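The block underneath contains the structure these notes are about, expressed in structure tokens.
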Amino acid sequence: MDQGRTAVRTLNIAVLAGDGIGPEVMAAALRVLNHLQARETDLRLNFQAVSVGAEEYLRSGTPLPESALRACATADAILLGAMGLPHVRWPNGRELTPQIDLREHFQLFRGERPVFLYHAADCPLKQISAGEIDFIVLRESTEGLFAARHQTVVPDADIVEDVLRVTRSGSERLFHAAFELARKRRRLVTLVDKANVLPSMVRFRELFDEVARQYPDIATERIYVDAAALFLIRRPQSFDVLVTENMFGDILSDLAAALVGGMGMAPSADIGPDVAVFQPCHGTAPDIAGRGIANPIAMILSAAMMLEWLGTESCQRAAAQIRQAITRVLSDPASRTPDLGGTLSTAEITEIILHAL
């Protein structure tokens, strides 16, 4: 080895393929990452398969074993396919959601949902060009209305109440992340809340305003969540970084995905102080699992987000190459899986992306 050259560290990636189409789209993403490794001498990734999800629950009685949590805690990053199946539930009837358990366990408060239009044909709106839709939904992922999900409900209860939790610490770290993200983009942060009705959202807005004063270089706007749904259809081009509560972000990010082709085009990241998970926004899609037609692009773009977050020069180059390849592939309207109106299989679209690389 050249003594003047610094040794390249191998980055350990925990791979949680999960259930349904999760293993199928994960296999496509790993093919892309291994292809890049083969030609990028400074890109060293070691993949550790970790069993999680509904199938793991059926085997061991838990969808997220302690061994999986340990593997995630020690990994440099986590890739997740999809977890859960509608017919596999806890004894109380609630569906398994180990992906949310991960967010809460590791305090992955920063839910990034990028929304980018690669081709006008994939957008249901009129007169929208490629690249015009380019924003991020930043969703608080550890509290909000989801904080009530562990409560015990009395059978046949006449009244059930869910509490929407807003804390100063949880809100401040989210808002700081939003403003720092906007500084790297087009310098606009839009708060989405329901401060005209809910006291928790009044406080959410007050905390946003406090943090906003620390970023005089960033423009801000404040929109109620119902209006935000309307404006995402009427003027999606106007948004840059939308920051919001957990449930609102869950809903709006799916609406936003529909603007750019659907859930198969929607990557995401859940980032905490020490741990980060990268996964497509879609679920396990059991209706198409095993048919080889799942769209792997959201998973592959999630892998690109992981590389960007890892931050080494080789990782940044590889992420840029993935984005460039997908842009080239999607410039051809014929290069589409069935969810986008095309006929290509998961394997075929992956081959085309590899060729573009």
Residue in the stretch 291-302 that is farthest from residue 116 (Cα to Cα), counting only those that are in contact (Cβ under 8 Å) with a residue 60 or more places away in the chain and over 14 Å from the mean Cα position of the chain (by Cα): 292
Breaking point among (1) within 24 Å of the chain's Cα centre (by Cα); (2) over 17 Å from residue 169 (Cβ atoms), for residue 215: (1)
In the stretch 57-94, the residues that are out of contact with any strand residue (DSSP E or B) (no Cβ under 9 Å at 6 or more places or on another chain) and charged (D, E, K, R): 59, 66, 70, 94
Qualifying residue in the stretch 14-31 (condition: out of contact with any strand residue (DSSP E or B) (no Cβ under 9 Å at 6 or more places or on another chain), of a type outside the set (S, T, N, Q) and farther than 30 Å from residue 152 by Cα): yes
Filter pass, residue 240 being in contact with a helix residue (DSSP H, G or I) (Cβ under 7 Å, 6 or more places away or on another chain) and surrounded by 22 or more Cβ atoms within 10 Å (Cβ to Cβ): no
Which numbered condition residue 54 misses (of (1) out of contact with any Pro (no Cβ under 8 Å at 6 or more places or on another chain); (2) modelled with pLDDT under 95; (3) more than 10 Å from residue 81 (Cα to Cα)): (1)
Members of the stretch 314-357 that are touching a Lys or Arg at 6+ places or on another chain (Cβ under 8 Å) and without any contact (Cβ under 8 Å) to a residue 40 or more places away in the chain: 342, 343, 344, 356
Contacts under 9 angstrom Cβ, first residue in the stretch 128-151 being among the acidic types (Asp, Glu), partner surrounded by fewer than 21 Cβ atoms within 10 Å (Cβ to Cβ) and in a loop (DSSP other than H, G, I, E, B), 6 or more apart: 132/123; 134/185; 134/186; 134/240; 143/164; 143/167
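The values are calculated or read from the model by the stated rules, or taken from the named source; none is laboratory data. In this text, all values refer to a predicted model and were calculated from it rather than measured experimentally. Backbone-built Cβ (ideal geometry, glycine too); neighbour counts: all protein chains shown.
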